[in-house]
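Scroll down for the structure; my scribbles are underneath it.
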């Protein structure tokens, strides 16, 4: 295996991108923890939401998070093997149900956050 | 009209003389649109260079002997048509991730040991007596494992797997698919005998789901599915209350 094996074909490259997405997400969480730690010094010390650097990094991380979620939920159709009334549920239906659950969970969290902000 | 020709670049390696494998070019006639890479190799062996070594047998995608890297992709050479590559040259190399014995022949001993370790045969706690007649299965029971039984042990999935390339102790795609084939068979009772191999540190948990094994399989088997579903099964066995675990 050469160090550049993952550049040999598109499928390997997309796999590495999928795995790589965990790194910026971990960095984002570390940054958030740091900001929460600063919040112990009072509201003025916590500047995450007002920091252009944090917002820019968050937008980049959102892209990675969306790609990671998309690949994760798409693979659910391969992994989950369930039967209803003795018949296997088609992979496509499993994937659709995952995306639907994702959308509903996102709406609920967004509504809660907006509610708290008010 | 000039005769149509194609260039085949094949790996040559004699462990007694060569330090490293090298490529040798052969310019051969492309006389028939139905010619496959294996036909080209057979032409070279018969008419150009009798010393070229490679494995083959059935010529019809059943025996799984003629797997090689064709322009960097693992393929059965009996199923790789020259017309899909011409007028470009074709580079034929031994399967990735395996030691080379000679030229295009790989050492498959490691794979054979892995295959044997998952006991890919029907295991019964008590033999089903011949006098009891056939051990019948419904179509639904057959459908549970049918696709995994199509595996022909051609090892293309191992050549496509970067995890196996980095760690050849990994049990790998085909062996797991065949283990699952028997674990899902209603006649089999050998799950607990196979689990130690499937669930150990070099078993299914080594797989990081690249998925290329399923892409290159010439028989439509989905080894990536077998591996991920085995992960799910072993996890459920661990977290479910003891009484609901399958025997």
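Beta bridges per DSSP, both residues in chain B: antiparallel share near 85 percent.
Packing order of peptides B:114-121, B:30-37, highest average first: B:114-121, B:30-37 (average count of other Cβ atoms within 10 Å over each peptide's residues).
On a 0 to 90° scale, report how tilted helix A:10-20 is relative to the longest principal axis of chain A, with both axes built from alpha carbons and the result rounded to the nearest 10. Roughly 40 degrees between the two axes. Using C-alpha pairs below 8 Å separated by at least 6 residues, the relative contact order for chain B is 17 percent. For the stretch B:109-244, the relative contact order comes to 31 percent (Cα pairs under 8 Å, sequence separation of at least 6).
Take the alpha carbon gyration tensor of chain A, find the square roots of its eigenvalues, order them as a ≥ b ≥ c, and report rounded if a/c is under 1.5; if not, report prolate when a/b exceeds b/c, else oblate.
Judged from the Cα gyration tensor, chain A comes out oblate (a/c at least 1.5, b/c at or above a/b).
Annotation: peptides A:67-75, B:91-99, ranked by per-residue average of other Cβ atoms within 10 Å with the highest first, follow the order B:91-99, A:67-75. GNM remark for chain B: springs join alpha carbons under 10 Å apart, and the peak mean-square fluctuation among B:103, B:222, B:84 falls on B:84.
For the stretch B:119-247, what does the alpha-carbon gyration tensor say about shape, rounded, prolate or oblate, given a ≥ b ≥ c as the root eigenvalues, a/c under 1.5 as rounded, and a/b over b/c as prolate? Oblate.
Ordered by the number of other Cβ atoms lying within 10 Å of each residue's own Cβ, fewest first, B:144, B:134 fall into the sequence B:134, B:144.
For the pair the stretch B:191-214 and the stretch A:1-44, the centres of their Cα atoms are 26 angstrom apart.
Per residue of B:160-166, other chain Cβ atoms within 10 Å of the residue Cβ number 2 on average.
Assign one of three labels to the protein assembly as shown, namely rounded, prolate or oblate, based on the Cα gyration tensor with a ≥ b ≥ c the square roots of its eigenvalues; rounded applies when a/c is under 1.5, prolate when it is not and a/b is larger than b/c, and oblate otherwise.
Verdict is oblate for the protein assembly as shown.
For chain A, the longest principal axis of the Cα atoms and the long axis of helix A:52-79 meet at an angle of about 20 degrees.
Packing here is the average count of other Cβ atoms within 10 Å per residue, and on that basis the peptides B:55-63, B:164-172, highest first, run B:164-172, B:55-63. Quick one: helix B:173-183 against the long Cα principal axis of chain B, what's the angle to the nearest 10°, folded into 0 to 90? Helix B:173-183 and the main axis of chain B meet at about 30 degrees. Ranking of B:108, B:236 by neighbouring Cβ atoms within 10 Å, starting from the fewest: B:236, B:108.
Among B:158, B:85, B:54, sorting on how many other beta-carbon atoms sit within 10 Å of each Cβ, with the fewest leading, yields B:85, B:54, B:158. Between residue A:39 and residue B:88, what is the FRET efficiency for a Förster distance of 51 Å, r being their Cβ-Cβ separation, to the nearest 0.05? Rounded to the nearest 0.05, the efficiency is 0.25.
Inter-chain neighbour count for A:7-14: the average number of beta-carbon atoms from partner chains within 10 Å of each residue's beta-carbon is 3. Take every DSSP beta bridge whose two residues both sit in the stretch B:5-106; close to 85 percent of them are antiparallel.
Taken together, the values in this text are just the output of simple stated rules run on the coordinates, not laboratory data. This one's a predicted model, so the numbers in the text were calculated from it and none came from an experiment. Every residue, glycine among them, receives a Cβ derived from its backbone with ideal geometry; neighbour counts consider all protein chains shown.
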